[in-house]
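Enquirer: Below is one structure. I have some questions about it.
The values are calculated or read from the model by the stated rules, or taken from the named source; none is laboratory data. Remember, it's a predicted structure, so these values are computed and weren't measured experimentally. Don't worry about glycine lacking a Cβ; one is built from the backbone with ideal geometry, like all the others, and counts go over all protein chains shown.
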Amino acid sequence: MKGKILGYSEADGSGAISADDGSRHRFTRADWRGDKPPATGMVVDFESSEGAAKEIYPVGGAALAALGNINVDLSGLSGSAGGARATELFTKSLAVPLALVVLLACFLTALSSPMKGVSLIGLGDAVAELEGAARMASMMGGGGDSGLGGLGALLILRFAAPLAALWLVWAAWAGKAERLPMLVTGAATIVAALLVVLVRQAVLSAVPDMARDMMASQIHLGLGVWLLLLSGAGLIAGGLGLIRNPLARG
């Protein structure tokens, strides 16, 4: 007969085999004919005698035994405290999933043009370059008042979004209350997205009137901005209890 080892205890040298026909057979180490010890999940060939397995031989040898051992190890890993805690962070609430989306969005394209695309983090350098170009255009009498100088100082607020997201992840991991960090992170994220919109408007204001419409069609808000707006709104809604993680239990 053929079957699979359901379990084996090295301590007492006994185990059980489930045969292909559905019957179950007890066995002892004395009836084992393999070179290596029996392992859970190993496929075996044996003789049945009064409900006991005799003359048991492994089918597939060490490879199948190793697979059985791997399954046991993975089960132990999934049941560990760290693994359970990590799973809980992604299924209990929306705090950690949305915080990670915010962090990702900070490095995606926030403002794009045919020549260049910049992320939220790299927006400061781009504004500095544009401010220099705006001064030159103003000296030539072709540009308007861009307001990039004042906006450049205001852009320091963009770092509040990733910092607040990291704070939220820490609070969730430490088991702290998540409501306030979610609301703060949501607000900071939306402010960061609106700063990108203001930068776009300032850039267009610095362009001569005759070329403004053409530039408006070429400078676009990137995926990062839309993710910031969506995740920010989601964090605020989650903090207010209006939405919840669909994977949450109960």
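Enquirer: Which condition number in (1) of a type outside the set (Val, Ile, Thr); (2) exposed (fewer than 14 other Cβ atoms within 10 Å of the Cβ); (3) at pLDDT 90 or above is the one that LEU6 fails?
Expert: All conditions are met except number (3).
Enquirer: For a quick check of your reading of the model, give me the residue pairs whose first member lies in segment 11-22 and is closer than 17 Å to SER49 by Cβ, whose second is hydroxyl-bearing (Ser, Thr, Tyr) and modelled with pLDDT of 85 or more, with beta-carbon atoms closer than 6 Å and at least 6 apart or on different chains.
Expert: Listed pairs, sorted by first residue: SER14/THR28; GLY15/TYR8.
Enquirer: Determine, yes or no, whether GLY15 is modelled with pLDDT under 90 and of a type in the set (Gly, Ala, Ser).
Expert: no
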